[in-house]
Amino acid sequence: MNENIVMFDKVLIANRGEIAVRINRACQELGIKTVAIHSTADSDAMHARIADESVCIGPANSKDSYLNIPAIIAAGEITNADAIHPGYGFLSENEKFADIVEEHGFTFIGPTAEHIRLMGDKARAKITMKECGIQTVPGSEGSLGTNYDEIHTVAESIGYPILVKAVSGGGGRGMQKVENEENLISSIASAKAESKAAFGDDSIYLEKLIERPRHIEIQIIADTYGNVIHLGERDCSIQRRHQKLLEEAPSPALNSDERDIIGNKVVNAIQNLGYRGVGTVEFLYSNGEFYFIEMNTRIQVEHPVTESITGIDLVREQIRIASGAPLDHNQSDINFSGHSIECRINAENPEDFRPSPGLVSGYHPPGGPGVRVDSALYQGYIIPSYYDSLISKLIVHAPTRNECLMRLRRALDEYVISGVQTTIPFHLKIMQNADIANGTYDIQWLDRNKDNLK
Ligand code: ADP
């Protein structure tokens, strides 16, 4: 590490669950003390137990605790933290939070509020990326006005089927598929209502619906000195209702030339933007073409598959960059080794994906070569019903994709979580499928095949 850089003494982790545990690990390995925050429902949660200090910031409901900005700032002040790490979800892409954190004298471990704002407006993000030389999904230029004649003309010029998308959208919400002109206005109305309810903003835009694409995203890291590198791609095409369930790196669909070309384009665009921190540039990939859909300005759930094949600790890098350290890798230092797959394990009924909170009466995580479990579970833990149902991420790494699939099956078989239902049986089922074995799937694959998986 550069000798002139002063690393943080204490970091407040403004999150819960497995990502709070993950960030705590990175801090401790850097010699940084940690402060957890927790709601009243999480006093026994793992993230609150393993941090050096833990502060209760409010009642169970997220809006009163994990989204409660004044309470989080106060927790930082009373514990004398230097920096705040937002994790993913909650306040991680809230530009107001990033601003307030900095105004109160803490370092926000992430990009500038301005870049969060830019990428949070998905219509503006597309225009910006296009200006930086990145191909985008054909669609309306910016958000739509209220003139229905104009909207019809725009839709006509894009060509049906189209997607109505929320400018402030996230997690697949505020998205409506429109097959033909007749349904356009009613779909716009439902997308607006859904987006208003979820994000407090009903601006929408239109996009061509790409048939059977893959979701391929490029991981980047940028320091505050203009150095940018990419860490290759993740393929996140196994999705249910636009929610990712399994991710792998490298993508079975790309060759190394394609990876270099798209990676370099993304690096140039990020350099033009003057972005800092980690980030993910998401594309739909179809017939050899990449179409930008959005950029996430935070650490992603699926970041461990990239860590597995590059050997780079992304959370550690985030913290180092925020402390002012320069990147200690050049693009030519980055080598991709082997194959990695992550399964998102949710406390849900594996048939209908309904949440299954409650007491974890037994717990035995898998181990052995190439197996990593990022989780906040322990025997006796009561999974609260208030939050996301993601309880564990099983990540395996092996020299080849085939070995990786074999290892994943073995590790899923070993994994015991009793007392609640989990999606482990679902993952075991899809592991039996020939399309998964061959790597021939797209983002609609799961919806088309869900009945054959039984
Ligand atoms: P969110 O922020 O809600 O996750 P995204 O723009 O990232 O929204 O889209 C989420 C998912 O929806 C994508 O991974 C993909 O599966 C699907 N999707 C988005 N845009 C399109 C499109 N134009 N055509 C087909 N599928 C799309």
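Exactly one residue out of Thr128, Thr146 is over 28 Å from Asp435 (Cβ atoms) and either buried (at least 16 other Cβ atoms within 10 Å of the Cβ) or of a type in the set (Gly, Ala, Ser) (or both), and it is Thr128. Apart from one condition, Ala113 fits all of (1) in contact with a helix residue (DSSP H, G or I) (Cβ under 6 Å, 6 or more places away or on another chain); (2) free of Cβ contacts under 8 Å to residues at least 60 places away in the same chain; (3) more than 30 Å from Asn264 (Cβ to Cβ); the exception is (3).
Let's see how each residue does on (1) within 11 Å of the ligand (Cβ to nearest atom); (2) over 18 Å from Ile293 (Cα atoms):
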residue	(1), (2)
Lys126	yes, no
Gly133	no, no
Thr136	yes, no
Glu141	no, no
Thr146	no, yes
Ser168	yes, no
Gly174	yes, no
Ile185	no, yes
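Taken together, Leu359, Leu408 contain a single residue that is touching a residue at least 24 places away in the same chain (Cβ under 8 Å), surrounded by 15 or more Cβ atoms within 10 Å (Cβ to Cβ) and of a type in the set (A, V, I, L, M, F, W, C), which is Leu408.
Of the residues contained in the stretch 158-167, one or more are found to be buried (at least 21 other Cβ atoms within 10 Å of the Cβ), assigned to a loop (DSSP other than H, G, I, E, B) and not assigned by TED's automatic domain parsing to the domain that holds Asn296.
Scanning the stretch 261-303 for residues that are of a type in the set (D, E, K, R) and farther than 18 Å from Asn227 by Cβ gives Glu282, Glu289, Glu294, Arg298, Glu302. When you look at Glu217, is it under 12 Å from Thr280 (Cβ atoms) and either of a type in the set (Asp, Glu) or at pLDDT below 95 (or both), yes or no? Considered against the rule, which asks whether it is under 12 Å from Thr280 (Cβ atoms) and either of a type in the set (Asp, Glu) or at pLDDT below 95 (or both), Glu217 comes out as yes. Of everything in the stretch 314-343, what is closer than 29 Å to Ile430 by Cα and either within 16 Å of the ligand (Cβ to nearest atom) or surrounded by fewer than 23 Cβ atoms within 10 Å (Cβ to Cβ) (or both)? Give them in sequence order. Matches in the stretch 314-343: Leu314, Phe336, Ser337, Gly338, Glu342. When each of Asp352, Asp333 is tested for being of a type outside the set (Val, Ile, Thr), modelled with pLDDT under 95 and not assigned by TED's automatic domain parsing to the domain that holds Ile84, the lone residue that passes is Asp352. Filtering Glu307, Glu294 for residues that are among the charged types (D, E, K, R), assigned to a helix (DSSP H, G or I) and touching an Asp or Glu at 6+ places or on another chain (Cβ under 7 Å) leaves a single hit, Glu307. Selection of first residues in the stretch 146-167 that are under 15 Å from Ala123 (Cα atoms) and of second residues that are away from the ligand (no atom under 15 Å from the Cβ) and in a helix (DSSP H, G or I), restricted to Cβ pairs under 6 Å at least 6 apart or on distinct chains, gives the following pairs, ordered by first then second residue: Val164/Ile188. Here the condition is being buried (at least 24 other Cβ atoms within 10 Å of the Cβ) and either in contact (Cβ under 8 Å) with a residue 12 or more places away in the chain or in the same structural domain as Glu317 (by TED's automatic domain parsing) (or both); of Val11, Val55, Val6, it holds for Val11 alone.
Residues of the stretch 47-65 that are within 22 Å of Asn80 (Cα to Cα) and not acidic (Asp, Glu): His47, Ala48, Arg49, Ile50, Ala51, Ser54, Val55, Cys56, Ile57, Gly58, Ser65. Considered as a group, the residues in the stretch 29-45 that are charged (D, E, K, R) and buried (at least 17 other Cβ atoms within 10 Å of the Cβ) include one that is farthest from Ile69 (Cα to Cα), and that residue is Lys33.
With respect to Ser340, determine if the residue is touching a helix residue (DSSP H, G or I) at 6+ places or on another chain (Cβ under 9 Å), among the polar types (S, T, N, Q) and either assigned to a helix (DSSP H, G or I) or within 14 Å of Glu248 (Cβ to Cβ) (or both). Judged against the criteria, Ser340 is a match.
The values are calculated or read from the model by the stated rules, or taken from the named source; none is laboratory data. Only a predicted model underlies this, so the values are computations on that prediction, with no experimental measurement involved. As a convention, Cβ positions derive from the backbone with ideal geometry for all residues, glycine included, and neighbour counts pool all protein chains shown.
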